[in-house]
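Below: one structure, written as structure tokens.
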Amino acid sequence: MHLHKYEKIWLIFGMASLVLFLLIIGFAAFWKGTHPQSHIETIDPQNVEAHDAFKPENLGIREVADGKYIVNIVASAFNYDFGKDKEGNAIKTIRVPKGSTVLYQITTKDVVHGFQVAGTNVNMMVEPGHISRYETVMKNTGEFTVVCNEYCGIGHHQMFGTVEVYE
Ligand SMILES: [Cu+2]
């Protein structure tokens, strides 16, 4: 079989790019540990309290190791449940020291919601029946507004909270 010179060049180019892309995917998946951050674990949306992370007393922020925090949140129309303080008032602000590693775990009781900490790289879709997780280092100080970016109904704009990163 005779191949034209340009055909050969294109074949080699095509195959080399395919190999290169597969190597990049392999490198990201096996070496860097890149994987989808969320939607791995399922949960009964009608009974989220059955899951340890979403028991009312476990909601909100918890320090699990030095500089490591877990934040558990239950979203519902039209509220983010960050748990309650000692007086029984709903917590609306999560406070973390700068540079800490925070794992956000969030689920929803009803419809699809969003969870975005505006100004950071935390931005998740929250689907009923799934647990959305994202771990990040809070590098910058400031007050960041939590917003729902999936239109979830008439009170959509009332879904908000604050993450405060202090020195
Ligand atoms: Cu919402």
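The values are calculated or read from the model by the stated rules, or taken from the named source; none is laboratory data. Everything numeric here is computed off the predicted structure, so don't read it as measured data. Cβ sites come from the backbone with ideal geometry, for glycine too, and all protein chains shown count toward neighbours. All accessible areas refer to the heavy atoms of the entire protein, side chains included, with ligands and DNA or RNA removed. Shrake-Rupley method; radii C 1.70, N 1.55, O 1.52, S 1.80 Å.
Just a few scattered comments:
- Qualifying residue in segment 63-84 (condition: free of Cβ contacts under 8 Å to residues at least 12 places away in the same chain, out of contact with any strand residue (DSSP E or B) (no Cβ under 8 Å at 6 or more places or on another chain) and more than 16 Å from residue 45 (Cα to Cα)): yes
- Residue match in segment 22-43 (condition: under 30 Å from residue 97 (Cβ atoms), surrounded by 12 or more Cβ atoms within 10 Å (Cβ to Cβ) and among the hydrophobic types (A, V, I, L, M, F, W, C)): yes
- Taken over segment 74-89, the residue count meeting the criterion of being at negative phi and away from the ligand (no atom under 16 Å from the Cβ) is 5.
- Identity of the residue in segment 139-159, among the charged types (D, E, K, R) and at pLDDT below 95, that ends up farthest from the ligand (Cβ to nearest atom): 139
- Residues in segment 113-138 that are open to solvent by 50 Å² or more (accessible area, probe 1.4 Å) and of a type in the set (A, V, I, L, M) were compared, and the one that is farthest from the ligand (Cβ to nearest atom) is 137.
- Selection from segment 86-111 of residues that are more than 22 Å from residue 147 (Cβ to Cβ) and either outside the structural domain of residue 62 (by TED's automatic domain parsing) or open to solvent by 60 Å² or more (accessible area, probe 1.4 Å) (or both): 86, 87
- Top-ranked residue of segment 55-85 - restricted to ones that are among the hydroxyl-bearing types (Ser, Thr, Tyr) and either closer than 19 Å to residue 156 by Cα or in contact with a Cys (Cβ under 7 Å, 6 or more places away or on another chain) (or both), ranked as surrounded by the most Cβ atoms within 10 Å (Cβ to Cβ): 80
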